[in-house]
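Engineer: Let me give you the structure first, and then I'll get to my questions.
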Amino acid sequence: MDTFAVLGLGQFGMTAALALVNEGKEVMVVDTERDKVNEIKDRVASAVVADCSDRSVAEKFLSEEIDCAIISLGQRSEAGILSTLYAKELGVKHIVVKANSIDHGKILAMVGATQVVHPSEAQARRLVSSLVRPNIVEYLPLVEGYSVVEIKTPEGFVGKSLKDLNLRHDYMVDVIGVKSDGGLNIIPSADEQLPAGSSLLVIGLDGDIERLQQA
């Protein structure tokens, strides 16, 4: 995914937009509050003061050329539903929406959300990481700043042992499991070679895990 639209510049939307910019992605932001748009306009490809819960407005900014829309409109539940519906109808490929409740999330999924989240600021960064790095299989946040993440074994790691890779030294993460066609091997031996098609279950600081994902 290379082209993103972030609708709503609350804490979650702003964090996601800036994280995407840091990943080198093309980002358009849309919000009804001019102050929020002005705060970020010099960092993104385009910044618009508008309300995409109005279909005539959505048609101006949302299209199939956008790989992903991230919609986070705070407590404006109806606006979030309408923006999601219009993004879907206008051909946006992947639609991530912040839900305010379980029932709100169910409605969002019914009208076209590809992914519904109930996130915090830290989870916004992890969401962006999962969108721009498809080698992530699953993640489980622990205490603030730490996670357990399942990632696809990087091609350069295949055939090497954990001892050879020395991930604790180079990336400050610990491998607590290796998943392959043979199942899940918990606390694998340091001499175990990593097979093609496998994935690693790693634990560590979010920043260190992100560095590993780029290997």
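Engineer: At K106 and S189, where each label point lies 7 Å from the Cα along Cα→Cβ, what is the point-to-point distance in nanometres?
Structural biologist: 5.0
Engineer: If you find the alpha carbon centre of segment 181-215 and of segment 20-89, how far apart are they in angstrom?
Structural biologist: 36
Engineer: Would you calculate the separation in nanometres between label points at D67 and S161, each defined as 7 Å from the Cα along the Cα-to-beta-carbon direction?
Structural biologist: 3.8
Engineer: To the nearest 20 debye, what is the magnitude of the charge dipole of the chain about its Cα centre, counting +1 on the Cβ of each Lys and Arg and -1 on the Cβ of each Asp and Glu?
Structural biologist: 140
Engineer: Which ³J(HN,Hα) values in Hz, rounded to whole numbers, follow from the phi angles of segment 190-204 under the Karplus curve 6.51 cos²θ - 1.76 cosθ + 1.60, where θ = phi - 60° and Gly and Pro get x?
Structural biologist: Those phi angles translate into 5, 8, 5, 7, 8, x, 4, x, 8, 9, 10, 9, 10, 10, x Hz.
Engineer: Still on this structure, please answer the following. With only alpha-carbon pairs counted, each pair once and no self-pairs, how large is the Kirkwood hydrodynamic radius of segment 134-213 in angstroms? Walk me through the intermediate numbers first.
Structural biologist: Working: mean 1/r = 0.0802 Å⁻¹.
This gives a value of 12.5 Å.
Engineer: Now a separate question. How about K152: which aspartates and glutamates have a C-alpha closer than 12 Å to its C-alpha, ignoring those fewer than 8 places off in the same chain?
Structural biologist: Partners found: E138.
Engineer: For the peptides 46-55, 158-167, what is the packing order when you average, over each peptide's residues, the other Cβ atoms within 10 Å and list the highest mean first? If you can, show how the numbers build up before the last one.
Structural biologist: On the way: 46-55: 17.7, 158-167: 14.7.
The most tightly packed comes first, giving 46-55, 158-167.
Engineer: Moving on. What's the lysine pair count for segment 3-127 at a Cα cut-off below 19 Å, pairs eight or more apart or interchain?
Structural biologist: Lysine pairs meeting both conditions in segment 3-127 amount to 9.
Engineer: Translational D (Stokes-Einstein, µm²/s) of the chain at 10 °C and 1.306 mPa s when Rh comes from the Kirkwood sum over C-alpha pairs? Mind showing how you got there, number by number?
Structural biologist: Working: Rh = 18.4 Å.
Roughly 86 µm²/s, to the nearest whole number.
Engineer: Please arrange I102, I95 by counting, for each residue, the other beta carbons lying within 10 Å of its beta carbon, fewest first.
Structural biologist: Final ranking by Cβ density, sparse to dense: I102, I95.
Engineer: Per residue and in Å³, how big is the convex hull formed by the alpha-carbon atoms of segment 3-127?
Structural biologist: Convex hull volume per residue, Cα atoms: 86 Å³.
Engineer: Starting with the fewest neighbours, write out F157, F4 ranked by other beta-carbon atoms found within 10 Å of each beta-carbon.
Structural biologist: Least crowded to most crowded, the residues run F157, F4.
Engineer: Moving on to the next point. Send over the semi-axes of segment 1-43's equivalent ellipsoid, whole angstrom and largest first, taken as the square roots of 5 times the C-alpha gyration tensor eigenvalues.
Structural biologist: 16, 10, 9
Engineer: Using just the Cα positions, wrap segment 8-69 in a convex hull and report its mean projected area in square nanometres, one decimal place.
Structural biologist: The directionally averaged projection comes out at 4.1 nm².
Engineer: Tell me what the chain gives for mean residue ellipticity at 222 nm when only DSSP H runs of n ≥ 4 count, each as -39,500 (n - 2.57), the sum divided by the residue total, rounded to 500 deg cm²/dmol.
Structural biologist: Calculated from helices alone, the mean residue ellipticity at 222 nm is -10000 deg cm²/dmol.
Engineer: Relative to a virtual label point 7 Å from the Cα of E78 in the Cα→beta-carbon direction, which members of segment 1-25 show backbone nitrogen distances below 19 Å?
Structural biologist: What the label zone holds, given the 19 Å backbone N cut-off, is 8.
Bear in mind these aren't lab numbers, they're just calculated from the coordinates by the rules spelled out. Keep in mind it's a predicted model, so treat the numbers as computed, not measured. FYI the Cβ positions are ideal-geometry reconstructions off the backbone, even for glycines, and counts take in every protein chain you see.
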